[in-house]
Amino acid sequence: NIPLVRKNESIKHILSTLEKIKNTYESVDYVYVIDQKNVLVGVVPLNDLFNHPKETIIKNLMQTNIITISPDTTLEKVAHLALKHNLKQVPVVKLRKFVGVVSSKKIFSTINRELNENILHFAGVHKSHLDFSNSMEIPMAKALKSRLSWLVLGLLGAILMAGYIGLFEETLKNHLIIALFIPTIVYISGALTTQIQTIFV
């Protein structure tokens, strides 16, 4: 629900129409120019209407080199195009006919969601948790399911390490001082892993 005009209309007529029904529009960042067959032929940023004489015909202002998308374009690609070409909205066309726009609100929310997802992925957060903005809201069953494989793997690693240390039981009995280094080694390996994760994130 956005402003649609014909290329032979004047700025005065367009501004008058916008003033009358301004509350019915979802967005007025741009004015879109269409022909009789509903084909998008141009676009004019709303600010440009105020920077020219009101008698100016819209076809003299409209940009004809328009970035458009099809209805099946992903929101991620739309957001990328909007950032690349500094657009507040991206018009949608199907078989050259104008069908609507992706609003700036939707573009910003997509960028925000993608940014959050990327940050969480870098932090090692499982994809199933991305539906929750607060980690404390994740259901216990879902949290356990996503971490169970890592818990089992860690347990197997601990059992293997305990068995390996057990091979040196006699040596440890005779040289008890060596056993004191085991917690230190475990601590250093854990601290090192934490520092690597922190740098990476």
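The values are calculated or read from the model by the stated rules, or taken from the named source; none is laboratory data. Computed from a predicted model, the values in this text were never measured in an experiment. Quick reminder, even Gly has a Cβ in these numbers, built from the backbone with ideal geometry, and neighbours come from all protein chains shown. These area figures cover heavy atoms from the full protein model, side chains too; ligands, DNA and RNA do not enter into them. Shrake-Rupley method; radii C 1.70, N 1.55, O 1.52, S 1.80 Å.
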> When the accessible area of the chain is split by element with a 1.4 Å probe, what percent falls to carbon and sulfur?
Replying inline: 62 percent
>> Sort 163-171, 7-15 by the packing proxy (mean of other Cβ within 10 Å over each peptide's residues), most packed first.
In response: 7-15, 163-171
> By average Cβ neighbour count within 10 Å, what is the ranking of 173-182, 71-80 from highest down?
Replying inline: 71-80, 173-182
>> Could you work out the relative contact order of the chain? I mean the mean sequence separation of Cα pairs under 8 Å and 6+ apart, divided by the number of residues, in percent.
In response: 14 percent
>> Please compare each pair in 7/37; 7/77; 37/105; 37/94; 84/106 to a cut-off of 23 Å on the Cα-Cα distance and tell me which ones are over it.
In response: 7/77; 37/105
> Which three semi-axes in whole Å describe the equivalent ellipsoid of region 57-126, each the square root of 5 times a Cα gyration tensor eigenvalue, listed largest first?
Replying inline: 30, 13, 9
> What's the percent breakdown of Cα-Cα distances in the chain across 5 Å bins, shortest bin first?
Replying inline: 1, 6, 10, 11, 11, 8, 7, 6, 6, 6, 5, 5, 4, 4, 3, 3, 2, 2, 1, 0, 0
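Rounded to the nearest 500, what is the chain's calculated 222 nm mean residue ellipticity when only DSSP H runs of at least 4 contribute -39500 (n - 2.57) each, over all residues?
The helix contribution divided over the chain gives -16000 deg cm²/dmol.
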> Angle between the Cα long axis of helix 104-122 and the longest principal axis of the chain, 0 to 90 degrees, nearest 10?
Replying inline: 10 degrees
> What whole-number value in Å² describes the accessible area per residue of region 1-105 for a 1.4 Å probe?
Replying inline: 63 Å²
